[in-house]
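Enquirer: Below is one structure. I have some questions about it.
Please treat every number below as a calculation from the coordinates, not as lab data. Since the structure is predicted, the reported quantities are computational estimates derived from the model, not experimental observations. When we count neighbours, we look across all protein chains shown, and the Cβ atoms used for this are built from the backbone with ideal geometry, even at glycine.
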Amino acid sequence: MAHALVTGAAGFIGSTLTDRLLADGVRVTGVDCFTDYYDPALKRRNLEGASRHPAFQLLPLDLATADLSALPEVDVVFHQAAQPGVRASWGREFATYTSHNVLATQRLLERYQKTALERFVYASSSSIYGDAESYPTSESVLPRPFSPYGVTKLAGEHLVLLYGRNFGMPVTALRYFTVYGPRQRPDMAFHRFCRALLAGEPITVYGDGKQSRDFTVIADAVEANVRAWKRAAPQGVYNIGGGSQVEVVEAIALLEERLGVKAQLKFEPRPPGDPMRTRADAARLQADLGYATTVSIGDGLAAEAEWARSLYGGVR
Ligand code: UGA
């Protein structure tokens, strides 16, 4: 039985990946330090299914400070743990970002550098591109982060790749483009929009709401990890996005339709660090990992809206 280490196992992507690996017959050791960036009760809820599975164990530890010799030998590492959030990474908070995104990554690489890993997969981010030089943005475009968060994710990515080049570690970086769907973090746009619609409260829209994202459904982010383990090029870097482009106001209209509620919009200035546009060139993903998304934004939002209703109740 293959054995995987999933860091950030209680988070949005980490927990969904954990469930998928367990369903595929993989033994999973999950690591999470349950920070209070958002309610840890939601993270515990994410792990309810996995916790009952005999092939799952959870190690509650902080990768930036704990003795990592306690981590087991594994076949593959999926490093999903991070301090997320583009707009919150300014000021004093930056220290948290460097600790969780840079130092933790370096310590994990040190821990597994001399072991016989099949793959070390790093969760990178479209935020390393900032407002990119060209669209759709290919992996060869020079990264130019627009937020301190993006800088730390790029630093983590560089660390992963340099351990690959120096020591031959089989590393891969997946640059996720704004992932959404059931279990999405409560600070992210669609989760906030669903919660507000269900509570009859106004939705905060930054800027004029015409900023766009290449929103990526959670199943695709998980599939990319599973495929990267077996099929990615050595030291490969991949955009994980559907090649779509949706404006914030368009997504709100779809959610209104889905939840049957008219949104009240409250416009606020676009916060620093928030790029105007992201769009993935998904050609490398399709060529090497062999798939393209099949889920439309309408269907993906419907799944998130149903999940939000199960979490918050509200109008039908
Ligand atoms: C997301 C994740 O939060 C990051 O962790 C990840 O690294 C990043 O995607 C990525 O792709 O690299 P973001 O694109 O800001 O970051 O995702 P959302 O929080 O879902 O925001 C999407 C858009 O909605 C942004 O343009 C933002 O301006 C807008 N928004 C967000 C609002 O208009 N109102 C809100 O209340 C929240």
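Enquirer: With the convex hull built on the Cα atoms of segment 216-308, state its orientation-averaged projected area in nm².
Expert: So the Cα hull casts an average projection of 7.6 nm².
Enquirer: Something else: For the chain, I need the span (max minus min coordinate) of the C-alpha atoms along each principal axis, in Å, sorted largest to smallest.
Expert: The principal-axis extents, from largest down, are 56, 45, 41 Å.
Enquirer: Still on this structure, please answer the following. Gain in length, ASP36 to ALA199, computed as 0.36 nm per residue apart minus the alpha-carbon separation, to one decimal in nm?
Expert: So the chain would gain 56.3 nm between ASP36 and ALA199.
Enquirer: Please state the shape class of segment 183-254: rounded when a/c is under 1.5, otherwise prolate if a/b exceeds b/c and oblate if not, all from the C-alpha gyration tensor.
Expert: It is prolate, given that a/c is not under 1.5 and a/b is the larger ratio.
Enquirer: Then there's this: Return the distance in nm (one decimal) between the two label points of a simple spin-label model at ARG231 and GLN113, each offset 7 Å from Cα along Cα→Cβ.
Expert: 3.2
Enquirer: In addition: Stokes-Einstein D for segment 1-146 at 37 °C, 0.692 mPa s, Kirkwood Rh over Cα pairs, in µm²/s?
Expert: 202
Enquirer: Round to the nearest 0.05 the FRET efficiency obtained for ALA95 and VAL249 when R0 = 35 Å and r is the Cβ-Cβ distance.
Expert: 0.50
Enquirer: Quick one: SER127, SER69, fewest Cβ neighbours within 10 Å first, how do they rank?
Expert: Ascending number of Cβ neighbours within 10 Å: SER69, SER127.
Enquirer: Let me ask something else. Which of rounded, prolate, oblate describes segment 273-316, given a ≥ b ≥ c as roots of the alpha-carbon gyration tensor eigenvalues and a/c under 1.5 marking rounded, otherwise prolate only if a/b is larger than b/c?
Expert: Oblate, since a/c reaches 1.5 and b/c is not below a/b.
Enquirer: Another question, if that's okay. Within segment 284-316, name every residue whose backbone N is under 20 Å away from a label modeled 7 Å from Cα of GLU48 along the Cβ vector.
Expert: Hits in segment 284-316 for GLU48 at 20 Å: 303-315.
Enquirer: I've got another one for you. What are the membrane-span-like helices in the chain by this rule: whole DSSP H runs, Cα extent along the axis at least 24 Å, mean Kyte-Doolittle hydropathy at least -1.0?
Expert: Span-like helices, by this rule, are 148-167.
Enquirer: Quickly work out the ARG277-to-SER140 label distance, labels modelled 7 Å from Cα along the C-beta direction, and quote it in nm with one decimal.
Expert: 2.1
Enquirer: Which distance in nm do the two modelled labels at ALA55 and PHE167 give, with both placed 7 Å along the Cα-to-Cβ direction?
Expert: For the pair ALA55/PHE167, the computed spacing is 2.8 nm.
Enquirer: Another one. Relative to the compact globular guide of 2.2 N^0.38 Å, what is the alpha carbon radius of gyration of segment 109-241, as a ratio?
Expert: Dividing the Cα radius of gyration by 2.2 N^0.38 Å gives 1.20.
Enquirer: While we're on this one: For segment 165-209 and segment 244-298, what is the separation of their Cα centres, given in Å?
Expert: 10
Enquirer: A follow-up question, please. What number, in percent, do you get for the relative contact order of the chain if the mean sequence gap of Cα pairs under 8 Å and at least 6 apart is divided by its residue count?
Expert: 18
Enquirer: Tell me which GluC sites (Glu not before Pro) from segment 43-151 have a DSSP coil assignment and no more than 11 other beta carbons within 10 Å of their own.
Expert: GLU73, GLU133
Enquirer: Tell me the chymotrypsin sites (Phe, Trp or Tyr not before Pro) within segment 86-137 that lie in a loop according to DSSP and have at most 15 other beta-carbon atoms within 10 Å.
Expert: Listed in order of number, the matching sites are TRP90.
Enquirer: If you don't mind, another one. Helix-derived [θ] at 222 nm for the chain: sum -39500 (n - 2.57) over DSSP H runs of at least 4, divide by residue count, nearest 500?
Expert: It comes out at -10500 deg cm²/dmol, rounded to the nearest 500.
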